[in-house]
Amino acid sequence: MDFDPQQMRAADFYQHLIRVIMPRPIAWVSTVSLEGVCNLAPFSFFTGAGSRPASIVFCPSNRRDGTFKDTLRNILETEEFVVNVVPFQLAEAMNLSSAELPADESEFELTGLATVASKVVSPCRLADSPVSLECRLMHHLALDPGPGGANVVVGRVVQLHLEGSVLDSSGFADPGLLDLIGRLGGQSYCRTTDRFELNRPEIRRQN
C-alpha cells in the first residue's frame, strides 16, 4: 500500500511513522523556566547528531493550539537543557511525566523524582538516570508553526554523566546494564536487554 502524507490527516500519518520508525530512543529532557520551574518531559524523535561537535537532536511538536510546549519554550529562553536516558525501572515515571501540566507546575514534583545539580548548565539532571547529557542550544528549526508542527532542536553536548554501575570492563556503557527502553508504535516499548551482534564486514579487493 502507498500513502501520500499530503492526502491524509497529519495525525493519521503520524501513526504510520511511529510504527515504522522504531525502536526509538527516548530523550527525557529536563529544562528550567525563567521563573525557576524545573520541567521534565520525554521525546522519542531523538538521536545523536554527530561527534564533531558532540551533539544530539530531538524534535518536540507544538501543542494542539500551535503554541510551544514548556520544554521548547524553556530551551529557547535559556538555551540550555539536559537529556536523561530512561532505564526500564523508570518507565512508569517517564510515562507519567508526559502529562501536560500548567507551566508553573513541575513534573519532578508530580513524579516524585529526585534532581541533582548539573555541572555546566543551569537545568538540573535526573538523579536516578544512569546517563545525562548536558546540552546548550545550537539550532532550532520550526518546520511548521501550526498545531502539532514539528520543531528540530540541535544541542551541543557540553558534559556527559555516566554512572559507574553501568560501565563495562573497558569503561564504556553496557546496554545490558543500562536496560534502557525504546519507543515502538501505539503504547508499546522495548528494552536493550534483548539484542544480537553482527561483526562489521571486511571487504578486501586486489589491485
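The numbers here are math on the coordinates, done by the rules we state, and not lab data. Model, not experiment: these values are computed from the prediction. Please note: Cβ atoms are built from the backbone with ideal geometry, for glycine as well, and neighbour counts cover all protein chains shown.
Selection of first residues in region 143-154 that are of a type in the set (S, T, N, Q) and of second residues that are surrounded by 15 or more Cβ atoms within 10 Å (Cβ to Cβ) and assigned to a loop (DSSP other than H, G, I, E, B), restricted to Cβ pairs under 6 Å at least 6 apart or on distinct chains, gives the following pairs, ordered by first then second residue: ASN151/PRO60.
Kindly provide the set of residues from region 47-74 that are among the hydrophobic types (A, V, I, L, M, F, W, C) and either in contact with a helix residue (DSSP H, G or I) (Cβ under 6 Å, 6 or more places away or on another chain) or assigned to a loop (DSSP other than H, G, I, E, B) (or both), ordered by number.
Passing the criteria: CYS59, PHE68.
Of the residues ASP194, ASP174, the single one that is acidic (Asp, Glu) and either in contact (Cβ under 8 Å) with a residue 60 or more places away in the chain or surrounded by 10 or more Cβ atoms within 10 Å (Cβ to Cβ) (or both) is ASP174.
If the condition is being surrounded by 20 or more Cβ atoms within 10 Å (Cβ to Cβ) and outside any strand (DSSP E or B), then region 24-43 contributes only ILE26. Inspection of region 63-85 finds no residue satisfying the criterion of being under 14 Å from the mean Cα position of the chain (by Cα), surrounded by 15 or more Cβ atoms within 10 Å (Cβ to Cβ) and farther than 26 Å from ALA117 by Cβ. Only one entry in LEU133, LEU113 is in contact (Cβ under 8 Å) with a residue 60 or more places away in the chain, within 15 Å of the chain's Cα centre (by Cα) and over 26 Å from TYR14 (Cα atoms), namely LEU133. Taking the stated definitions as given, is LEU126 touching a residue at least 60 places away in the same chain (Cβ under 8 Å) and either loosely packed, with under 10 Cβ neighbours inside 10 Å or under 17 Å from the mean Cα position of the chain (by Cα) (or both)? Considered against the rule, which asks whether it is touching a residue at least 60 places away in the same chain (Cβ under 8 Å) and either loosely packed, with under 10 Cβ neighbours inside 10 Å or under 17 Å from the mean Cα position of the chain (by Cα) (or both), LEU126 comes out as yes. All of GLY185, GLY148 fail the test of being at positive phi and of a type outside the set (Asp, Glu), apart from GLY148.
Of all residues in region 102-116, those satisfying the criterion of being closer than 19 Å to ASN74 by Cα and among the polar types (S, T, N, Q) are SER106, THR115. Here ALA117 fits the description: closer than 20 Å to GLU35 by Cβ and either out of contact with any His (no Cβ under 7 Å at 6 or more places or on another chain) or buried (at least 16 other Cβ atoms within 10 Å of the Cβ) (or both).
Going by what's in this entry, would GLU92 be described as among the charged types (D, E, K, R), closer than 30 Å to LEU177 by Cα, under 17 Å from the mean Cα position of the chain (by Cα) and crowded, with 19+ Cβ neighbours inside 10 Å? Answer is no for this residue. Is it true that THR78 is under 16 Å from VAL131 (Cα atoms) and hydroxyl-bearing (Ser, Thr, Tyr)? Judged against the criteria, THR78 is not a match.
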